[in-house]
Amino acid sequence: MHFDQPPHIPETATRQLADWVQVDAEVHYDPMKYLRPERMASIGYQFRLMHEYFPKSRVLEVGAGAGLTTVILRQLGHEVQTLDVDEKLSPSILGSVTSIPCKDDSLDAFLCSQVLEHLPWNEAQVSIRELARVAKRGGVISVPTMRPCFGILMHAWRRHGARRFSLPSFGKPRIRCPDQHYWELGAGVTLDQFNSALKDAGFNIAYNEQPVLHLYHHFFVVTKT
(Lines give C-alpha, C1' and ligand atoms only; values in the text may rest on other atoms or scores of the structure.)
Protein backbone atom coordinates (compact mmCIF):
# COMPACT_ATOMS: atom_id res chain seq x y z
CA MET A 1 0.00 0.00 0.00
CA HIS A 2 1.19 3.53 -0.68
CA PHE A 3 -0.10 7.05 -0.52
CA ASP A 4 -1.35 8.56 -3.74
CA GLN A 5 0.56 11.71 -4.53
CA PRO A 6 0.98 13.91 -7.59
CA PRO A 7 4.29 13.58 -9.46
CA HIS A 8 5.24 17.22 -8.84
CA ILE A 9 6.05 18.50 -5.34
CA PRO A 10 5.30 22.23 -4.95
CA GLU A 11 8.85 23.58 -5.00
CA THR A 12 7.94 27.05 -3.77
CA ALA A 13 6.25 25.85 -0.60
CA THR A 14 8.95 23.27 0.04
CA ARG A 15 11.81 25.73 -0.33
CA GLN A 16 10.05 28.40 1.71
CA LEU A 17 9.56 26.07 4.65
CA ALA A 18 13.13 24.82 4.39
CA ASP A 19 14.35 28.40 4.59
CA TRP A 20 12.19 29.01 7.66
CA VAL A 21 13.45 25.98 9.56
CA GLN A 22 17.16 26.28 8.70
CA VAL A 23 18.55 23.43 10.82
CA ASP A 24 21.52 21.19 10.25
CA ALA A 25 19.76 17.83 10.54
CA GLU A 26 22.81 15.77 11.47
CA VAL A 27 23.71 18.08 14.35
CA HIS A 28 20.17 18.94 15.45
CA TYR A 29 18.99 15.31 15.74
CA ASP A 30 22.12 13.95 17.40
CA PRO A 31 20.66 11.44 19.92
CA MET A 32 22.71 12.65 22.90
CA LYS A 33 21.56 16.24 22.33
CA TYR A 34 18.08 15.83 20.86
CA LEU A 35 16.71 12.80 22.71
CA ARG A 36 16.82 14.28 26.17
CA PRO A 37 14.73 12.52 28.87
CA GLU A 38 11.91 15.06 28.65
CA ARG A 39 11.79 14.70 24.85
CA MET A 40 11.70 10.93 25.22
CA ALA A 41 8.64 11.41 27.44
CA SER A 42 7.07 13.55 24.71
CA ILE A 43 7.75 10.82 22.13
CA GLY A 44 6.03 8.37 24.46
CA TYR A 45 2.90 10.52 24.44
CA GLN A 46 3.07 10.81 20.65
CA PHE A 47 2.94 7.12 19.82
CA ARG A 48 0.61 6.21 22.70
CA LEU A 49 -2.01 8.77 21.71
CA MET A 50 -1.71 7.78 18.05
CA HIS A 51 -2.15 4.09 18.84
CA GLU A 52 -4.97 4.65 21.32
CA TYR A 53 -7.11 6.87 19.10
CA PHE A 54 -6.06 5.66 15.62
CA PRO A 55 -4.92 2.03 15.98
CA LYS A 56 -3.11 0.41 13.03
CA SER A 57 -3.71 3.32 10.70
CA ARG A 58 -2.13 4.64 7.53
CA VAL A 59 -0.24 7.52 9.16
CA LEU A 60 1.50 10.57 7.78
CA GLU A 61 4.17 11.69 10.22
CA VAL A 62 4.94 15.35 9.59
CA GLY A 63 8.62 15.95 10.28
CA ALA A 64 10.90 12.95 10.04
CA GLY A 65 12.85 13.99 13.12
CA ALA A 66 15.13 11.45 14.77
CA GLY A 67 13.04 8.57 13.41
CA LEU A 68 12.27 6.93 16.76
CA THR A 69 8.52 7.57 16.65
CA THR A 70 8.36 6.15 13.13
CA VAL A 71 10.00 2.89 14.22
CA ILE A 72 7.70 2.46 17.23
CA LEU A 73 4.52 3.18 15.29
CA ARG A 74 5.50 0.63 12.65
CA GLN A 75 6.17 -1.93 15.38
CA LEU A 76 2.63 -1.26 16.64
CA GLY A 77 1.20 -2.11 13.23
CA HIS A 78 0.82 1.33 11.67
CA GLU A 79 1.77 2.03 8.08
CA VAL A 80 3.84 5.18 8.38
CA GLN A 81 5.16 7.55 5.77
CA THR A 82 7.09 10.65 6.73
CA LEU A 83 6.85 14.13 5.24
CA ASP A 84 9.74 16.59 5.48
CA VAL A 85 11.32 19.44 3.54
CA ASP A 86 14.84 18.26 4.36
CA GLU A 87 16.06 15.58 1.99
CA LYS A 88 18.92 14.79 4.42
CA LEU A 89 16.34 13.15 6.69
CA SER A 90 15.31 10.76 3.87
CA PRO A 91 11.55 11.32 4.23
CA SER A 92 9.10 9.07 2.42
CA ILE A 93 7.62 12.21 0.86
CA LEU A 94 9.71 15.31 0.21
CA GLY A 95 7.38 18.25 0.62
CA SER A 96 5.86 20.92 2.82
CA VAL A 97 3.03 20.68 5.35
CA THR A 98 1.79 23.98 3.90
CA SER A 99 0.99 22.11 0.68
CA ILE A 100 0.96 18.38 1.35
CA PRO A 101 1.52 16.41 -1.88
CA CYS A 102 -1.22 13.85 -1.13
CA LYS A 103 -4.77 13.59 -2.39
CA ASP A 104 -7.83 14.39 -0.29
CA ASP A 105 -8.62 11.74 2.36
CA SER A 106 -5.71 9.63 1.11
CA LEU A 107 -4.60 8.55 4.60
CA ASP A 108 -6.23 7.66 7.89
CA ALA A 109 -4.44 9.87 10.39
CA PHE A 110 -1.47 12.15 10.92
CA LEU A 111 1.09 12.93 13.59
CA CYS A 112 2.34 16.52 13.63
CA SER A 113 4.50 17.08 16.68
CA GLN A 114 6.53 20.24 17.33
CA VAL A 115 6.35 21.41 13.72
CA LEU A 116 3.72 24.14 13.40
CA GLU A 117 5.54 26.64 15.64
CA HIS A 118 8.34 26.76 13.05
CA LEU A 119 5.90 28.49 10.70
CA PRO A 120 4.41 31.99 10.89
CA TRP A 121 0.93 31.74 12.41
CA ASN A 122 -0.88 32.34 9.10
CA GLU A 123 1.11 29.51 7.49
CA ALA A 124 0.46 27.26 10.50
CA GLN A 125 -3.28 27.76 9.98
CA VAL A 126 -2.90 26.80 6.32
CA SER A 127 -1.04 23.67 7.43
CA ILE A 128 -3.80 22.69 9.85
CA ARG A 129 -6.30 22.90 7.00
CA GLU A 130 -3.99 20.79 4.83
CA LEU A 131 -3.85 18.11 7.54
CA ALA A 132 -7.65 18.11 7.66
CA ARG A 133 -7.79 17.78 3.89
CA VAL A 134 -5.61 14.68 3.58
CA ALA A 135 -6.65 12.75 6.74
CA LYS A 136 -9.93 10.83 6.90
CA ARG A 137 -10.12 10.47 10.66
CA GLY A 138 -7.90 13.08 12.31
CA GLY A 139 -4.62 12.95 14.14
CA VAL A 140 -2.35 14.07 16.95
CA ILE A 141 -0.78 17.53 17.17
CA SER A 142 1.62 18.88 19.76
CA VAL A 143 2.96 22.40 20.05
CA PRO A 144 5.11 24.16 22.66
CA THR A 145 3.42 26.23 25.32
CA MET A 146 4.45 29.02 27.64
CA ARG A 147 1.16 28.89 29.55
CA PRO A 148 2.02 28.77 33.28
CA CYS A 149 1.45 25.52 35.12
CA PHE A 150 3.35 23.08 37.31
CA GLY A 151 3.25 19.35 37.99
CA ILE A 152 3.86 17.07 40.95
CA LEU A 153 5.15 13.49 40.66
CA MET A 154 4.75 10.95 43.43
CA HIS A 155 6.56 7.64 43.75
CA ALA A 156 6.27 5.11 46.57
CA TRP A 157 6.38 1.35 46.92
CA ARG A 158 3.73 -0.05 44.52
CA ARG A 159 2.14 3.35 44.18
CA HIS A 160 2.85 6.22 41.87
CA GLY A 161 0.99 9.08 40.27
CA ALA A 162 1.17 12.55 38.78
CA ARG A 163 -0.86 15.73 39.07
CA ARG A 164 -0.79 18.83 36.90
CA PHE A 165 -1.93 22.23 38.17
CA SER A 166 -2.73 25.16 35.90
CA LEU A 167 -1.98 28.66 37.09
CA PRO A 168 -3.91 31.81 36.21
CA SER A 169 -2.27 34.20 33.81
CA PHE A 170 -0.28 36.93 35.47
CA GLY A 171 1.89 39.80 34.32
CA LYS A 172 2.41 40.75 30.71
CA PRO A 173 2.24 37.94 28.12
CA ARG A 174 5.62 36.75 26.94
CA ILE A 175 6.17 37.42 23.25
CA ARG A 176 9.77 36.37 22.61
CA CYS A 177 10.15 32.71 21.62
CA PRO A 178 13.21 30.47 21.30
CA ASP A 179 15.21 30.55 18.09
CA GLN A 180 13.38 29.00 15.10
CA HIS A 181 9.97 29.39 16.80
CA TYR A 182 7.62 32.00 15.39
CA TRP A 183 5.08 31.54 18.20
CA GLU A 184 4.12 29.32 21.10
CA LEU A 185 0.87 28.98 23.04
CA GLY A 186 0.87 31.96 25.34
CA ALA A 187 3.48 33.75 23.23
CA GLY A 188 2.02 35.24 20.07
CA VAL A 189 -0.88 32.75 19.86
CA THR A 190 -3.44 32.11 22.58
CA LEU A 191 -4.92 28.73 23.39
CA ASP A 192 -8.31 30.04 22.23
CA GLN A 193 -6.83 31.06 18.88
CA PHE A 194 -5.27 27.64 18.43
CA ASN A 195 -8.50 25.85 19.35
CA SER A 196 -10.39 28.06 16.89
CA ALA A 197 -7.92 27.22 14.11
CA LEU A 198 -8.48 23.50 14.74
CA LYS A 199 -12.26 23.89 14.71
CA ASP A 200 -12.24 26.15 11.63
CA ALA A 201 -10.34 23.39 9.79
CA GLY A 202 -13.17 20.95 10.58
CA PHE A 203 -11.67 19.19 13.60
CA ASN A 204 -13.23 18.21 16.89
CA ILE A 205 -10.86 18.33 19.85
CA ALA A 206 -11.29 14.87 21.36
CA TYR A 207 -8.53 15.25 23.94
CA ASN A 208 -5.90 17.75 25.00
CA GLU A 209 -3.25 17.63 27.69
CA GLN A 210 -0.12 19.32 28.92
CA PRO A 211 1.55 16.11 30.19
CA VAL A 212 3.17 16.36 33.57
CA LEU A 213 6.32 14.58 32.37
CA HIS A 214 6.95 17.34 29.82
CA LEU A 215 4.83 20.39 30.51
CA TYR A 216 6.41 22.35 27.66
CA HIS A 217 4.50 20.30 25.03
CA HIS A 218 0.71 20.64 24.72
CA PHE A 219 -0.96 17.68 22.96
CA PHE A 220 -4.22 17.71 21.01
CA VAL A 221 -6.07 14.69 19.61
CA VAL A 222 -8.36 15.90 16.83
CA THR A 223 -11.03 14.01 14.92
CA LYS A 224 -12.95 14.91 11.78
CA THR A 225 -16.44 16.33 12.13
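Identify, please: which residue in the range 81-97 is on the phi < 0 side of the Ramachandran plot and hydroxyl-bearing (Ser, Thr, Tyr) and is, among those, surrounded by the most Cβ atoms within 10 Å (Cβ to Cβ)?
Ser96
Can you tell me which of Leu35, Leu76, Leu68 is out of contact with any Leu (no Cβ under 6 Å at 6 or more places or on another chain), hydrophobic (A, V, I, L, M, F, W, C) and modelled with pLDDT of 85 or more?
Values: Leu35 fails: modelled with pLDDT of 85 or more; Leu68 fails: modelled with pLDDT of 85 or more.
Result of the check over Leu35, Leu76, Leu68: Leu76.
Kindly provide the set of residues from the range 194-225 that are polar (S, T, N, Q), in a helix (DSSP H, G or I) and open to solvent by 50 Å² or more (accessible area, probe 1.4 Å), ordered by number. Please lay out each step first, then the result.
If we filter the range 194-225 for residues that are polar (S, T, N, Q), which is where we start, we get 195-196, 204, 208, 210, 223, 225.
Of the ones still in play, those that are also in a helix (DSSP H, G or I) are 195-196.
Answer for the range 194-225, where residues must be polar (S, T, N, Q), in a helix (DSSP H, G or I) and open to solvent by 50 Å² or more (accessible area, probe 1.4 Å): just Ser196.
Considering only residues that are in contact with a helix residue (DSSP H, G or I) (Cβ under 8 Å, 6 or more places away or on another chain) and open to solvent by less than 10 Å² (accessible area, probe 1.4 Å), which ones fall in the range 117-144?
Glu117, Leu119, Ala124, Ser127, Ile128, Gly138, Gly139, Val140, Ile141, Ser142, Val143, Pro144
Restricting the search to the range 97-136, which residues are under 23 Å from Ile43 (Cβ atoms) and not aliphatic (A, V, I, L, M)?
Asp108, Phe110, Cys112, Ser113, Gln114, Glu117, His118, Ser127
Which residue is farthest from Arg137 (Cα to Cα), if the candidates are limited to the range 60-82 and must be touching an Asp or Glu at 6+ places or on another chain (Cβ under 7 Å) and not polar (S, T, N, Q)?
Ala64
Name the residue, out of Gly77, Gly44, Gly67, that is open to solvent by less than 20 Å² (accessible area, probe 1.4 Å) and out of contact with any strand residue (DSSP E or B) (no Cβ under 6 Å at 6 or more places or on another chain). Spell out how you get there, then give the answer.
Details: Gly77 fails: open to solvent by less than 20 Å² (accessible area, probe 1.4 Å); Gly67 fails: open to solvent by less than 20 Å² (accessible area, probe 1.4 Å).
Just one listed residue meets the conditions, Gly44.
The values are calculated or read from the model by the stated rules, or taken from the named source; none is laboratory data. The model shown is predicted, which means the values in this text are computed figures rather than measured ones. As a convention, Cβ positions derive from the backbone with ideal geometry for all residues, glycine included, and neighbour counts pool all protein chains shown. What goes into the accessible areas is simple: the full protein's heavy atoms, side chains included, and nothing from ligands, DNA or RNA. Shrake-Rupley method; radii C 1.70, N 1.55, O 1.52, S 1.80 Å.
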